[in-house]
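Notes for the one structure printed next.
The values are calculated or read from the model by the stated rules, or taken from the named source; none is laboratory data. These numbers come from a predicted model, not from an experiment. When we count neighbours, we look across all protein chains shown, and the Cβ atoms used for this are built from the backbone with ideal geometry, even at glycine. For accessibility, only protein heavy atoms count, side chains too; no ligands or nucleic acids. Shrake-Rupley method; radii C 1.70, N 1.55, O 1.52, S 1.80 Å.
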Amino acid sequence: MTDLKALLEAGAVGFSDDGIPLESSKVVKEAMEEAKKLNTFISLHEEDPGLNGTLGFNENIAKEYFHICGATGVAEYAMIARDVMIAYATKAHVHIQHLSKEESVKVVEFAQGLGAHVTAEVAPQHFSKTETLLLTQGSNAKMNPPLRLESDRLAVIEGLKSGVITVIATDHAPHHADEKNVEDITKAPSGMTGLETSLSLGLTYLVEAGELSLMELLEKMTVNPAELYNFEAGYLAENGPADITIFDAKADRLVDSRFASKAANSPFIGETLKGHIKYTICRGEVIYQA
């Protein structure tokens, strides 16, 4: 356990296992009890190492095409089940990061139904694509948790529509091209550059597909995450923060590799998506203009 109280006093806005899942139930319980006492919350990456094989590959495609044991669904939803029930018992707030499985959505919904303080997020990659993207985009489509099945993709969309999942988070994970372009794909690091395509994926696979309204998408990308972390952001008001993106939601955009991020490890380069950015305004200053 780290010193949550001192970190909060120093300006921390939340706490996470930072992608290294907590195998000890005792530590999880202690963390939640301390978070509850301090009126904060814990964000968790849920993949039980003891139930997983090679990370970044969903178990189905891992076995069929790569002939390895991949990342299993049960590694995710079993750990989520443990942690939401500990949250229920301790009355603490737990936030489930980037869930990817149909069963995970059901587990979160069950815990919420019991009255547990559980929130959840999904990454755009998981409501847009499936494990087969690995066959065409290679290591750039490798991430943790991995891209899953079509049934899982549809389930997380249903979770967004029902309100079980309230946040869309980019899961932005840039890597240098040399790291990704290794001969053995199992040795490549997991993660993809998520920021530049997050809005377009939501517009394409949620709004244009008729799953969410534009305002519902924006709510899950702006006001909801801002409220979760108590940021002064995510809304438009006179004298409020002038952090604004102006875009054409209907325009087509061919994704190229000219990213503002320091890396362009994206499997969506070359794909035509919806959403053309016209202006990006940060703190009242125009920092990008098409």
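Which of Lys36/Lys106; Lys37/Lys129; Lys129/Lys187; Lys142/Lys278 have a Cα-Cα distance over 32 Å? Check vs 32 Å cut-off fails for Lys37/Lys129.
Span-like helix criteria (full DSSP H runs; alpha carbon extent of at least 20 Å along the helix axis; mean Kyte-Doolittle hydropathy of at least 1.0) are satisfied in the chain by no helix.
Using a probe of 1.4 angstrom, how much of the accessible area of the chain is carbon and sulfur, in percent?
53
Based on every Cα atom in the chain, Rg and the maximum pairwise Cα distance Dmax equal 19.0, 58 Å. Remark: the stretch 100-223 carries 39 Å² of accessible area per residue (probe radius 1.4 Å; ligands, DNA and RNA excluded).
Residues whose amide H lies under 5 Å from that of Phe15, counting only those 5 or more places away or on a different chain, are Phe41, Ser43; hydrogens are built 1.01 Å from N in the peptide plane. Once you divide the Cα radius of gyration of the stretch 77-219 by 2.2 N^0.38 Å, the number left is 1.09. A crude spin-label estimate for the pair Glu64 and Lys187, with each label 7 Å from Cα along the Cβ direction, gives 2.8 nm.
A run of the chain free of exposed loop cleavage sites, with trypsin sites (Lys or Arg not before Pro) counted only in DSSP states other than H, G, I, E and B and at most 16 other beta carbons within 10 Å, reaches its longest extent at 92-257. On the beta carbon distance between Ala10 and Lys91, with R0 = 25 Å, the FRET formula returns roughly 0.45. Overall, the stretch 4-235 carries a charge dipole of about 380 debye about its Cα centre when +1 sits on the Cβ of Lys and Arg and -1 on the Cβ of Asp and Glu, all other atoms neutral.
For the chain, what is the mean residue ellipticity at 222 nm derived from helices alone (per DSSP H run of n ≥ 4: -39500 (n - 2.57); sum divided by total residues; nearest 500 deg cm²/dmol)? Don't skip to the answer; put the middle values down first.
On the way: 11 runs with 99 residues, N = 290.
So the calculated ellipticity at 222 nm is -9500 deg cm²/dmol.
Here the label points at Ser151 and Thr245, each 7 Å from Cα along the C-beta direction, are separated by 3.3 nm in the simple model.
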